[in-house]
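> Before anything else, here's the structure in question.
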Amino acid sequence: MSLRDLYQEMIIDHGKNPRNKGILSSANHSHIGHNPLCGDKIVLYVFEQNGVVRDIRFEGVGCAISVASASLMTESIKGKTFGEFEKLFDDFHHLVTQGNEKVDMGKLAIFAGVSEFPIRVKCATLAWHTLKAALVDDSKSISTE
Ligand code: ZN
């Protein structure tokens, strides 16, 4: 099996069996993301405390790439600060547009092949844009206090 096939299998696996799927009742941020080009939709629920993402879940429908990206992003982002997330988002964006790793991306490296399909970059980055909006936009935040 080539590395490319392995990457493809991992994307299909996360697309079919996404991690961190569902509603997060303790969420204090939430945001809806939509990619009309492909029909991907995502709702992110974030529990943030002192600038750190303590817990995150998502609901949504979409193509395997958008769901797998949301699944792996939620796995990667738990315990990270907003600044660390922004840095990771920059590195991820470089990965899916340039097709190579600026830094070691771990499991996220499976998305390098997306760079060959520019239209799918929006699928791969939807969850990331949505998380950024969820963390920045206070008007959409949910107060649990
Ligand atoms: Zn898509």
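> Can you give me the long-range amide H partners of Asp55? Hydrogens built in the peptide plane at 1.01 Å from N, cutoff under 5 Å, separation of 5 or more residues or another chain.
Phe47
> What is the chain's relative contact order, in percent, from Cα pairs under 8 angstrom and six or more apart in sequence? Please list the in-between numbers first.
On the way: 266 pairs, mean separation 41.2, N = 145.
Answer for the chain is 28 percent.
> Related question: Given the Cα-Cα distance of Asn50 and Lys87 and 0.36 nm per residue of separation, how much length would full extension add, in nm?
On the way: separation 37, 0.36 × 37 = 13.32 nm, distance 1.81 nm.
The span from Asn50 to Lys87 would gain 11.5 nm if fully extended.
> Report, in degrees rounded to the nearest 10, the 0 to 90 angle that the Cα long axis of helix 64-77 makes with the longest principal axis of the chain.
60
> Over region 3-139, give the accessible area per residue in Å² for a 1.4 Å probe, as an integer. Working shown, then result.
Details: 6760 Å² over 137 residues.
Roughly 49 Å² per residue, with all protein chains present.
> If you don't mind, there's one more thing I want to ask. Give me the angle, in degrees from 0 to 90, between the Cα long axis of helix 82-98 and the longest principal axis of the Cα atoms of the chain, rounded to the nearest 10.
Here the helix axis deviates by roughly 20 degrees.
> At each listed q (0.13 Å⁻¹), what is the log10 of I(q)/I(0) that the Debye formula gives for the chain modelled as equal alpha-carbon point scatterers?
These q points yield log10 I(q)/I(0) values of -0.52.
> Give the angle, between 0 and 90 degrees and rounded to the nearest 10, that separates the Cα long axis of helix 3-16 from the longest principal axis of the Cα atoms of the chain.
30
The values are calculated or read from the model by the stated rules, or taken from the named source; none is laboratory data. Quick caveat, the model's predicted, so the values are computed rather than measured. Please note that ligands, DNA and RNA were not included when accessible areas were found on the heavy atoms of the full protein model with its side chains. Shrake-Rupley method; radii C 1.70, N 1.55, O 1.52, S 1.80 Å.
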